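Enquirer: Here's a structure for you.
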């Protein structure tokens, strides 16, 4: 690229210098308006080739027996998708050829309520991941998605008897809760949000719908497991969870995919509604294969006295754009975000969070850890926004990065936007390496260098792993161990 | 006197557009009327020389001294970065292009190798009842020299006008240079104040800025820590009132081994003030053994202020230690209570705290007259002594 | 001397900035207690760290033998597994790693055997009680937020749990109040009693030595061992300070 081109390209980014006023209004009025500016001058961006046509979308809609409103919603989203640009600020996604992505892959089976009925090869894939076993032992319910469709869904009886609804999105669209789905679907993450939200709106398939009635406390976690098996495919599951007033839920999401030599795309969408005095914990261990473009959007809206807890581990993917966002709308709403990102060879993982404080006395607490190794790039990106209405809001961010060698990269790009004076906003960040002194200290007790380094890294990750159920913490530590092996000189 | 927009204060690494911090678009005058009065002192000392040159001579000279700097385009893994200058500055290339056009001439100041002039060199720009001016300085600190340059911008309290300043600093091996800029301009001023510095081995660049005046103020400083063991200290005190705007961009690019960078910001916002601060520590590959630290402490006095802070750390070297911290909010209740038990009213206590913050930056300015002027300016803002 | 455990022969040590130790010779037999004294900056900690294999310090000349084996080039973990231990002057903080799991891991590494949990827990509890440590410290992150005294006790706890043949105590008594010193020296006594372990105690004061039987005292000045004596040398230095030894060093240096 010539200097002139560099300059030209740079100059034309970000035409809207201060559209933040509109954003505040959008938040205050609800969240159904565009939150991102996507009207940038088109000529300066490379355009993704259109791999999607209205015909394809029509076909998806027909096969899925969408209600008419959903059919229209998809077409509208498609139109937006074709008009919007890919983001200019994050990791490159040039390797993602939209025209080559088979956006809809349907496994040759209908959804089952019993593992025995799930086809052998799919079952064995989930068996290897320990899903059925886990269900018996410590989960309230399990949903398993294979490529584009949910292949298995089950809820333990005692949870169902509490009135908890846990079903696949397709059934929810036409079932007892159809009106509720229509009321909430993509209202928190509108298709106008960004290009991949629009794509999601057009081709979404699969995912889960959860409704926890007022006052119901689900004592053990629900889990969805997503596996993308088809080569060069996209997965666009939609997760909609409504935790009604005073209710309590822990939801676990796991993701994996085998490695193909062509790019896969995951553009899921998670919308979480935490009503008055309700609590929701949403835990994710993401271990997509390292050719995955993970462009996932997650957002939560928290009402008065509600509490949202995110626990997020990012280990897989080639490229990730992942920033779970929490809108603290009600008075005293509270959010805690705990995340870890481990970027190894060939990975460019751009993760972080956004906290939007609207209600009085809202609080947010962010703790993140990131690691970079073998040329991996990890970026922590965040925004804490304190709106003028958020009197007495408190926010505290602590992000730590560990560089494991000098061919990798680690960036920290936080933003704080404070528009009221009686808020208390704190931010701490630290970047560094494993201290030689600490390694020597551990070695002086007879521990090998490799083991000492691994122990220090596990300790570094501990604040995140201790937030996970034991089985998942073990899985995470295992992933860290795998990543650390081979880095030893 | 037409106006045009230029883009300045680019964040070295893009983030979400909607935050409005990736850069700033500002209007600038294409023709300037009525220059400010310049009073210089301290130039008669041994080891200090100055000369007036054309703008292109000054730029070419600065570029030639900054020859060690690689021209950069992209940071690995990030989509775009705005770095088209050979000699990087805080405000960026469009500002350099602009000021090169509007400034009539430029000044080069040289400090001879090993010279240690006792007094600071002081440049006082007095805009009086109102004026437009643009100035370009190139400051060359010879090897192992030690010197201080103080640049004051002042006008009558209610005056309006426009000021654009570009300062490029080259520090030779072991040179120590303090550059101090104090903005006490009237409430109708737009000021763009740009600084770029290149620090060679073991050089120590200390940049101190007081941003107290003006309606719209845009400042930036980019320090290229090319030499090993070079050190950069950036201390900035600011106070923004009424519906004024302050937009800041500071970057230290740490390339050499064992370099040190330290940012310290103390700010106060009141009324409907708007402020954006971008401060970036950029650890480049090869900067092993380097440390960087940035701290911002902002006091918000009114519920109508807007404060944006973007403390960035970019890192492509393992053996570094980088930290940043920010604390944004009002005076702590405990502190206020403590001061009230000593018989101070809330208002007086608040002013005391504001003064304390700004004073921590101000007290290192080695010129009594300037310190007095700052004190008087702050008193006037709060309507008390 | 027979039964030598540690032999240091003509040891010279450098860091980036220059040589710190010059031609140091030192022999420590099984079960012996040695005290190393000297003014600030003499290189006492350097000697301790070099014996333990801290990579910051480079051996430029000489040899270190432990149990008859040349360990001059051995990595730190190998030395520890051979039975060496050092109580750090400034123990490092390791967030996320609990004191208990750290000791358990270290034991497993040293013995190569899985640790029997119940037995281990019991021993840990008893040892912590001996050292008057609150049992809750076992679950806390290693040294994180520990007071100076608790850190030093945690070092002695590790020593007692790992049971080395030879322990270097680097200023273990510095910054401790009287009670803590007493507790720590009780721990050292216990170690001595339990396993007939040898000790090299680097110290400024004598409080920690009161209940121990000192076999030898060495004085280090500017990187050189200037004199070696018995237990009485400790008292002598306490009365007279290091001045005499500094003068002696300077005189010898001049003569050279």
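The values are calculated or read from the model by the stated rules, or taken from the named source; none is laboratory data. Treat the numbers as computed from the prediction; the structure is a model and nothing was measured. Methodologically, a virtual Cβ is constructed for each residue, glycine included, from the backbone with ideal geometry; neighbour enumeration extends over all protein chains shown.
Enquirer: Can you tell me which residues in the range C:55-72 are surrounded by fewer than 18 Cβ atoms within 10 Å (Cβ to Cβ), under 19 Å from the mean Cα position of the chain (by Cα) and without any contact (Cβ under 8 Å) to a residue 40 or more places away in the chain?
Expert: C:55, C:72
Enquirer: Restricting attention to the range A:421-437, which residues are in contact with a strand residue (DSSP E or B) (Cβ under 6 Å, 6 or more places away or on another chain) and either over 15 Å from residue A:370 (Cα atoms) or more than 7 Å from every other protein chain (Cβ to nearest Cβ) (or both)?
Expert: A:421, A:423, A:424, A:425, A:426, A:427
Enquirer: Same structure, new question: Of all the residues that make up the range A:350-395, how many are on the phi < 0 side of the Ramachandran plot, at the interface with chain B (Cβ under 10 Å from one of its Cβ atoms) and assigned to a strand (DSSP E or B)?
Expert: Residues that pass the stated criteria total 15.
Enquirer: Could you pull out the residue among B:298, B:312, B:291, B:351 that is over 29 Å from residue B:24 (Cβ atoms) and part of a strand (DSSP E or B)?
Expert: After ruling out the rest, the residue left standing is B:291.
Enquirer: Report the residue count in the range A:360-372 for those that are over 17 Å from the mean Cα position of the chain (by Cα) and surrounded by 24 or more Cβ atoms within 10 Å (Cβ to Cβ).
Expert: 4
Enquirer: Examine the range C:151-163 for a residue that is part of a loop (DSSP other than H, G, I, E, B), under 20 Å from the mean Cα position of the chain (by Cα) and closer than 14 Å to residue A:444 by Cα, and state whether such a residue exists.
Expert: Among the residues of the range C:151-163, at least one is part of a loop (DSSP other than H, G, I, E, B), under 20 Å from the mean Cα position of the chain (by Cα) and closer than 14 Å to residue A:444 by Cα, which makes the answer yes.
Enquirer: Being farther than 16 Å from residue A:336 by Cβ, more than 9 Å from every other protein chain (Cβ to nearest Cβ) and assigned to a helix (DSSP H, G or I) is the filter here, so list the residues in the range A:459-473 that pass it.
Expert: Correct list: A:470, A:471, A:472, A:473.
Enquirer: Of the residues that make up the range C:56-67, is at least one at the interface with chain A (Cβ under 8 Å from one of its Cβ atoms) and touching a helix residue (DSSP H, G or I) at 6+ places or on another chain (Cβ under 8 Å)?
Expert: Scanning the range C:56-67 turns up at least one residue that is at the interface with chain A (Cβ under 8 Å from one of its Cβ atoms) and touching a helix residue (DSSP H, G or I) at 6+ places or on another chain (Cβ under 8 Å).
Enquirer: Criterion first (closer than 30 Å to residue B:24 by Cβ, surrounded by 16 or more Cβ atoms within 10 Å (Cβ to Cβ) and modelled with pLDDT under 85) does residue B:377 satisfy it? Step through it out loud before you land on a result.
Expert: On the way: closer than 30 Å to residue B:24 by Cβ: yes; surrounded by 16 or more Cβ atoms within 10 Å (Cβ to Cβ): yes; modelled with pLDDT under 85: no.
Spelling it out, it is not the case that residue B:377 is closer than 30 Å to residue B:24 by Cβ, surrounded by 16 or more Cβ atoms within 10 Å (Cβ to Cβ) and modelled with pLDDT under 85.
Enquirer: Test residue B:69 against the stated conditions and say whether it is modelled with pLDDT of 95 or more and either surrounded by fewer than 20 Cβ atoms within 10 Å (Cβ to Cβ) or in contact with a strand residue (DSSP E or B) (Cβ under 6 Å, 6 or more places away or on another chain) (or both).
Expert: no
Enquirer: Could you look through the range A:75-92, keep only residues that are crowded, with 21+ Cβ neighbours inside 10 Å and under 17 Å from residue A:236 (Cα atoms), and pick out the one that is nearest to the other protein chains (Cβ to nearest Cβ)?
Expert: Filtering first and then ranking leaves A:80.
Enquirer: Is it the case that the range A:439-458 has a residue that's more than 14 Å from chain C (Cβ to nearest Cβ), closer than 16 Å to residue A:372 by Cα and surrounded by 20 or more Cβ atoms within 10 Å (Cβ to Cβ)? Steps first, please.
Expert: To start, the set of residues in the range A:439-458 that are more than 14 Å from chain C (Cβ to nearest Cβ) comprises none.
Checked the range A:439-458: no residue is more than 14 Å from chain C (Cβ to nearest Cβ), closer than 16 Å to residue A:372 by Cα and surrounded by 20 or more Cβ atoms within 10 Å (Cβ to Cβ).
Enquirer: Counting only residues that are modelled with pLDDT of 95 or more, under 15 Å from the mean Cα position of the chain (by Cα) and crowded, with 22+ Cβ neighbours inside 10 Å, how many does the range B:224-235 have?
Expert: Within the range B:224-235, residues that are modelled with pLDDT of 95 or more, under 15 Å from the mean Cα position of the chain (by Cα) and crowded, with 22+ Cβ neighbours inside 10 Å number 2.
Enquirer: Sticking with this structure for a sec: Restricting attention to the range B:324-352, and to residues there that are touching a helix residue (DSSP H, G or I) at 6+ places or on another chain (Cβ under 7 Å), within 14 Å of chain A (Cβ to nearest Cβ) and surrounded by 15 or more Cβ atoms within 10 Å (Cβ to Cβ), which single residue is nearest to residue B:305 (Cα to Cα)?
Expert: In this case the residue turns out to be B:331.
Enquirer: Still on this structure, please answer the following. Might you let me know whether the range A:318-335 holds any residue that is more than 12 Å from the chain's Cα centre (by Cα), under 16 Å from residue A:93 (Cα atoms) and crowded, with 24+ Cβ neighbours inside 10 Å?
Expert: yes
Enquirer: Another one. For the structure I just gave you, tell me whether residue A:479 is away from chain C (no Cβ under 12 Å), in a loop (DSSP other than H, G, I, E, B) and within 29 Å of the chain's Cα centre (by Cα).
Expert: no
Enquirer: Also, quick follow-up: Residues being without any contact (Cβ under 8 Å) to a residue 24 or more places away in the chain, in contact with a helix residue (DSSP H, G or I) (Cβ under 8 Å, 6 or more places away or on another chain) and more than 9 Å from chain A (Cβ to nearest Cβ): count how many of those fall in the range C:83-116.
Expert: Total satisfying the criteria: 3.
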